[in-house]
Amino acid sequence: MGHGHGHGSGGDDRRRLGLALGVTFLVAVVGAVGAVVTGSLALLADLGHVGTDVVALATALIASALAVRPPSRRRTFGLGRAEVLGAAVNAVLLLGVTVWVAVEAVERLATPTEVPGGGLLLYGVVGLVGNLVSLAVLQRGSGGMNVRGAALHVLGDALGSLAVLVAAVVVLTTGWPYADTVASLVIVAILLPRTVSLLRETGHVLLEGAPAGIDVDDVHGALLGVEGVAEVHDLHVWAINDRSPAVSAHLVISDEGCATADCGEHGVLDRASTVLRDRFGLHHSTLQIEAVEHADHEDACTPMPPVEAVRER
């Protein structure tokens with residue numbers, strides 16, 4: 001027996017992703033020319049990130065379009081999780097490029113490559129301007145995990161372009177041969193923890209983990225506090241994507257000690273749904289109502305461990 005539904009819309013996301021994709025593609029073309037002309041590892045690292053950005057933004061755009069498709073008999077939740085899959089693909093791509101740049105940079109520490117500072121400066125400026133434009137476009141509005149994953153790629157490029165500019169200034173003023181390589185390692189150090197964090201976040205959603213900010217024990221206690229509810233079991237809290245948390249539970253109802261006029265099935269259902277919506281932001285709830293004499297008929301479902309057992313782990 002279900003009650004209470006809510007689905008987010010990502011219409012504005014697609015416009016922002018499309019514009020950012022166009023700008024980033026132009027930056028990639030300019031960066032490719034710069035990397036070939038100068039032989040800069042920092043520019044090559046930046047180009048690697050820009051290249052994955054083009055793929056990432058295209059993936060995010062496709063995922064955003066799929067996510068708004070209505071549910072069907074075969075996919076009863078629709079394709080809302082496509083956004084999470086898109087973010088996961090982007091995180092894996094960025095992680096691979098970051099590791100590759102780190103390995104290449106370490107090798108160049110042993111044999112530094114001479115890089116023309118002037119060319120480095122020119123292409124660094126072009127890349128930084130393009131990345132800042134894309135980043136500004138993506139950060140307008142309240143994008144979900146999918147848009148944040150794409151924005152993380154563009155942020156990495158902006159930081160990379162900034163590192164390229166610093167390296168260019170150092171090369172022009174001091175001639176230090178390691179400036180380009182050090183700039184590449186700085187890019188890696190900044191991006192790696194953010195990439196791992198996004199990968200963990202997408203993995204948590206795909207593994208049906210409870211959404212951030214929602215304590216399952218608090219949800220359990222709140223449902224038990226609803227007048228007319230004697231017992232709560234088979235409680236699950238998960239998310240289709242980072243903007244669509246959902247909950248399901250079995251509520252055992254009883255008239256004993258109930259002072260409200262309506263302690264029947266519909267009254268309890270309305271009060272429980274209101275608590276889930278107002279206290280926890282859980283607009284998509286599926287609640288099954290059971291009578292006391294019917295409460296123990298389902299022993300196939302794995303029960304949640306007691307709170308004390310969870311804390312001891």
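Observations
- Accessible area ranking (1.4 Å probe, heavy atoms, ligands and nucleic acids excluded), largest first, for 157, 255: 255, 157.
- For residue 230, the residues 5 or more places off, or on other chains, whose built amide H falls under 5 Å of its own are 252, 253, 254.
- Measuring between their Cα centroids, the range 213-251 and the range 118-194 lie 43 Å from each other.
- Value of Rg/Rh across the range 86-186 [Cα atoms, Kirkwood radius]: 1.04
- Vicinal HN-Hα couplings computed from phi for the range 265-281 (Karplus, 6.51 cos²θ - 1.76 cosθ + 1.60; Hz; Gly/Pro x): 4, 6, x, 4, 4, 5, 5, 5, 5, 5, 4, 4, 6, 6, 8, 10, x
- Residue ranking by accessible heavy-atom surface, 1.4 Å probe, largest first, among 123, 178 comes out as 178, 123.
- Accessible surface of residue 97 - all protein chains present, 1.4 Å probe, nearest 10 Å²: 30
- Where only alpha carbons of the range 205-246 are counted, the Rg and the Dmax (Å): 11.6, 34
- The C-alpha radius of gyration of the range 180-278, expressed as a fraction of 2.2 N^0.38 Å, stands at 1.66.
The values are calculated or read from the model by the stated rules, or taken from the named source; none is laboratory data. Remember, it's a predicted structure, so these values are computed and weren't measured experimentally. Please note that ligands, DNA and RNA were not included when accessible areas were found on the heavy atoms of the full protein model with its side chains. Shrake-Rupley method; radii C 1.70, N 1.55, O 1.52, S 1.80 Å.
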